[in-house]
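The values are calculated or read from the model by the stated rules, or taken from the named source; none is laboratory data. In this text the structure is predicted, and so the values were computed from the model without any measurement. Cβ placement follows ideal geometry from the backbone for every residue including glycine, while neighbour counts extend to all protein chains displayed.
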Amino acid sequence: MTPAQQLQPRNIGTINWIGLATLTKKETQRFFVVYLQTIIAPVISTILFYAVFRIALGGNGKMAAGIPYMDFLMPGLIMMSMAQNAFANTSSSMVISKVQGNIVDVLMPPLTATEFAIGYTLGGLIRGLAVGAASMLVVAPFSGVPIHDFWFILYHGIMGSMLMALLGLIGGIWSMKFDHLATVTNFVIMPATFLSGTFYTAGQLPEVWRFICHLNPFFYMIDGFRYGFVGVTDGSLTVGLYVMLSINIVLWIVTLVMLKKGYKLKS
C-alpha cells in the first residue's frame, strides 16, 4: 500500500481520534515552539504598519467610511496578519515535509483524507486566531476602537483563517518546492490581499476595479471583520457571510479530492 492509499477511508463512520489529535498537536506545537517567529513577529509587523500609517497621516485627522482612518485601518491589519499566518502554517508545513522527505511519516499512519485535512487545517486556524488575539491585545489599547459586534469578529476571524489554512494546504500539496509556493503567494495571495480593501474603501476605486474588488473573497473577509469592530461596512454583510461559507466549502472539497487521489503525494 502506497502512502497515498493510506489516505483512503478505513470503515465508514469510524474516526481515528488519537491520530487526529496527534496530527493537530503536531501542527500547533510546530509554531508554538518558535512563537517568537510565528506569533510575536507578526504582531510586531502589525504594530509597525499601524505606527507608520499613523505617523504618515499625522494622527486621526483623515477619515474613511465616515470614521477616523486609523480606526478603519486597524481591523484590516489584524485580519491580514491572521490570514497570512494561517496560510503560512499549512503551506510551509506541507512543503517542508516534501523537501525534507519526511512527508511519509504523516501519510503512513491510518488517517483518512478527512482526518488529514482537519488536522492540518486546525493547525493553521489556531495559528491565525493566536496571531489575531495577540494583535488585538497589543494594538487595541492604542487605537481605542470599541467592539461593535463580537459575533462578526469571531465568525470572520474563524472563517477567514480557515479559508487561508485550506488555501495554504492546497498550495502546499501542489508545490514541490518553495519556488512553487512563492508563485502562489506572489500571484494569488498578494494581489487578492491588496485588492481586499484593507487600506482603503472600495468606493474610492473606479467602477471596474470596484466590481473586481467585490468578487474578491478577501474583501468580504476584511469587511465583515472590520464591521465587528467599528460598525461600518463597505459591502453587503449578508453576501459576505454566504461568500465566506461557500468559499470554505469549495476549498474543503478541493482539498479532499486532492488528498484522496494522492495528487503529488504518491511515491
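Listed by position, the helices (runs of 4 or more DSSP H) inside the range 21-136 whose residues that are under 19 Å from the mean Cα position of the chain (by Cα) and farther than 25 Å from residue 150 by Cβ number at least 1 are 41-56, 69-100.
Regarding residue 160, is this residue of a type outside the set (S, T, N, Q), touching a Gly at 6+ places or on another chain (Cβ under 9 Å), within 19 Å of residue 221 (Cβ to Cβ) and assigned to a loop (DSSP other than H, G, I, E, B)? Taking the combined requirement at face value, the residue does not satisfy it.
The rows are residues; the columns are (1) at pLDDT 90 or above; (2) touching a helix residue (DSSP H, G or I) at 6+ places or on another chain (Cβ under 6 Å).
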position: 56; (1), (2): no, no
position: 61; (1), (2): no, no
position: 69; (1), (2): no, no
position: 72; (1), (2): no, no
position: 76; (1), (2): yes, yes
position: 82; (1), (2): yes, yes
position: 85; (1), (2): yes, yes
position: 88; (1), (2): yes, no
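Which of the residues belonging to the range 39-52 are touching a residue at least 60 places away in the same chain (Cβ under 8 Å) and over 28 Å from residue 29 (Cα atoms)? The one that is touching a residue at least 60 places away in the same chain (Cβ under 8 Å) and over 28 Å from residue 29 (Cα atoms): 50. Within the range 240-267, the set of residues being of a type in the set (A, V, I, L, M, F, W, C), under 21 Å from residue 175 (Cβ atoms) and either surrounded by 15 or more Cβ atoms within 10 Å (Cβ to Cβ) or in contact with a Ser or Thr (Cβ under 9 Å, 6 or more places away or on another chain) (or both) comprises 247, 251, 252, 254, 256, 258, 259, 265.
Residues are listed down the side, and each one gets a yes or a no for (1) within 26 Å of residue 123 (Cβ to Cβ); (2) hydrophobic (A, V, I, L, M, F, W, C):
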site	(1), (2)
174	yes, yes
194	no, yes
204	no, no
212	no, yes
228	yes, no
249	yes, yes
260	yes, no
264	yes, no
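When 211, 199, 187, 219 are screened for being out of contact with any Leu (no Cβ under 6 Å at 6 or more places or on another chain), closer than 22 Å to residue 132 by Cβ and either modelled with pLDDT of 90 or more or in a helix (DSSP H, G or I) (or both), only 219 passes. Exactly one residue out of 149, 179 is touching a helix residue (DSSP H, G or I) at 6+ places or on another chain (Cβ under 8 Å) and among the acidic types (Asp, Glu): that is 149. Report the residue count in the range 222-246 for those that are hydrophobic (A, V, I, L, M, F, W, C), assigned to a helix (DSSP H, G or I) and over 17 Å from the mean Cα position of the chain (by Cα). Number satisfying all stated conditions: 4. Take the residues in the range 107-144 that are of a type in the set (Val, Ile, Thr) and crowded, with 20+ Cβ neighbours inside 10 Å, then tell me which one is farthest from residue 14 (Cα to Cα). Within the range 107-144, the match that is farthest from residue 14 (Cα to Cα) is 139.
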